[in-house]
Amino acid sequence: MTELAWFKSSHSTNEDAQCVEVAETPDVVHVRDSKDKTGPQLAFQPAAWQAFVDFAADADL
């Protein structure tokens, strides 16, 4: 299996921040806790992940 290329938002500059990291492959978007790199991961179909990102971008949080 190929090593995943994980990244987190450029807005996440504080190491103590509560962040997630994302790694994309053609078929799956992987998501993990940036503070627990060996812990559990979530996996989403790209369309489902994009729907979440779009919702989050439009939400008044």
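Testing the spin-label approximation: label points 7 Å from Cα along Cα→Cβ at residue 47 and residue 27. State their distance in nm.
In this crude label model, residue 47 to residue 27 measures out at 1.6 nm.
What ranking, highest mean first, results for peptides 38-49, 20-31 when packing means the other Cβ atoms within 10 Å averaged over each residue?
On the way: 38-49: 12.0, 20-31: 14.8.
Order by mean packing, descending: 20-31, 38-49.
Can you work out ³J(HN,Hα) from phi for every residue in the stretch 42-56, in order, using Karplus 6.51 cos²θ - 1.76 cosθ + 1.60 and θ = phi - 60°, giving whole Hz and x for Gly and Pro?
In residue order, the calculated couplings are 9, 10, 10, 5, x, 5, 5, 5, 5, 4, 5, 4, 4, 4, 4 Hz.
Since every read-out is calculated from the coordinates, none of them should be taken as a lab result. Since the model is a prediction, treat every value here as computed from it, not as a measurement. Don't worry about glycine lacking a Cβ; one is built from the backbone with ideal geometry, like all the others, and counts go over all protein chains shown.
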